[in-house]
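To keep things clear, I will list the structure first and then write my remarks on it.
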Amino acid sequence: MRKIEYRVIHYHQNRNALEFTNIGVMAHDGKSFGFRLISDDEMKSIHCNIIHKDSLGGLLKYLNEELSKTKGFADIANRHLYFDDFSFSRIFTGKMLYDLNDELASLYNQYVAYKFPRPETKSSRILQVRKESIEVANRKYKKYIDITTDSKIFDMLIRVKKNKKTELFPTIIGSLANTSDINRAVRGKIVENPIHPVFGYIYEIKDEKEKNASKVVSKIGFDLKKFTEKSAIEETFDSMISSI
């Protein structure tokens, strides 16, 4: 498995107080270099009187120009970066599960984006799968299955009733090729700690990247179920009922 090296970019709003804010990440996978900085909209959402947005905006423009010319961390060490209100973290190393862009998106969410307010959205595909699941449950499994959608983390809470027993299957609908869906699954397991978590994927496993992702969600306790079409949903519901 390939390794990825990455560094976090710090903006020092007060060097004397040793205070800083994470404003970006950069990574190198042995072949390619990439980076991501906070956007203008994200900068506008910062409300802190010790962060000077004009100064920060100028710094972000400068960093974007410099990092766009960078091919690796060695280039940064050899180039004179004249601003003194930012720094780079030490180099971290991790296993690379996805391509560089997906890894950058994951790192950016971990170190930077978490602090910016973002409206919760569901893709039209996830909404469609959820609608089809409820239709199938009401049409064929009304005696056994009840579905609610009031969870903040999971897309569906599937309650299965059989022989006076009720089991809950908190379900995330997504793609094994989507890093954010995998991150939601990890967060769901950590925050909610469900007994029967389900990762319902809406695409077939096609390549090594998705195989690696399936190992990740399976390792933390998720049961992989297909939600690609109504017949797959029926098979999933049948397996849930038979498991009780």
**Message:** Mean-square fluctuation check for the chain, GNM, Cα pairs under 10 Å: which of Arg125, Arg184, Arg36 is largest?
**Reply:** Arg125
**Complete:** Between the alpha carbon centres of the range 183-235 and the range 89-163 the gap in Å comes to 10 Å
**Asked** Between Gly24 and residues 5 or more places away or on another chain, which pairs have amide H atoms under 5 Å apart, with H built 1.01 Å from N, and which residues are they?
**Response** Ile9
**Message:** Under 10 Å, Cα contacts only: if you run a Gaussian network model on the chain, which one of Leu176, Leu104, Leu168 comes out with the highest mean-square fluctuation?
**Reply:** Leu168
**Message:** With loop defined by DSSP as not H, G, I, E or B, and exposure as at most 14 other Cβ atoms within 10 Å, which is the longest segment of the chain clear of exposed GluC sites (Glu not before Pro)?
**Reply:** 1-119
**Asked** Which shape class, rounded, prolate or oblate, goes with the range 181-232 when its Cα gyration tensor gives a ≥ b ≥ c as root eigenvalues, a/c under 1.5 marks rounded, and past that a/b bigger than b/c marks prolate?
**Response** oblate
**Asked** Once the Cα atoms of the range 3-115 are picked out, what are the Rg and Dmax in Å?
**Response** 13.9, 41
**Asked** Say the cut-off is 31 Å between C-alpha atoms; which of Lys95/Lys226; Lys44/Lys152; Lys115/Lys230; Lys71/Lys219; Lys165/Lys189; Lys61/Lys209 go over it?
**Response** Lys115/Lys230; Lys71/Lys219; Lys61/Lys209
**Complete:** The aspartates and glutamates whose Cα lies under 19 Å from the Cα of Lys53, excluding any fewer than 8 residues away in the same chain, are Glu19, Asp40, Asp41, Glu42, Glu65, Asp84, Asp85
**Prompt:** Under a GNM of the chain (C-alpha, springs under 10 Å), which listed residue has the highest mean-square fluctuation: Lys61, Lys226, Lys165?
**Reply:** Lys165
**Request:** Inverting the mean 1/r over all pairs of different Cα atoms, compute the Kirkwood radius of the range 124-242 and quote it in Å.
**Result:** 14.3 Å
**Asked** Hey, of (1) 1.24; (2) 1.08; (3) 1.15, which did the structure itself give for Cα Rg over 2.2 N^0.38 Å when calculated?
**Response** (1)
**Request:** Taking the Cα centre of the chain as origin, sum charge times position over the Cβ atoms of Lys and Arg (+1) and Asp and Glu (-1), and report the length of that vector in debye to the nearest 20.
**Result:** 880 debye
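Here, each number is a calculation from the coordinates, and none is a lab measurement. As the structure is a prediction and not an experimental result, all values here were calculated from the model. Quick reminder, even Gly has a Cβ in these numbers, built from the backbone with ideal geometry, and neighbours come from all protein chains shown.
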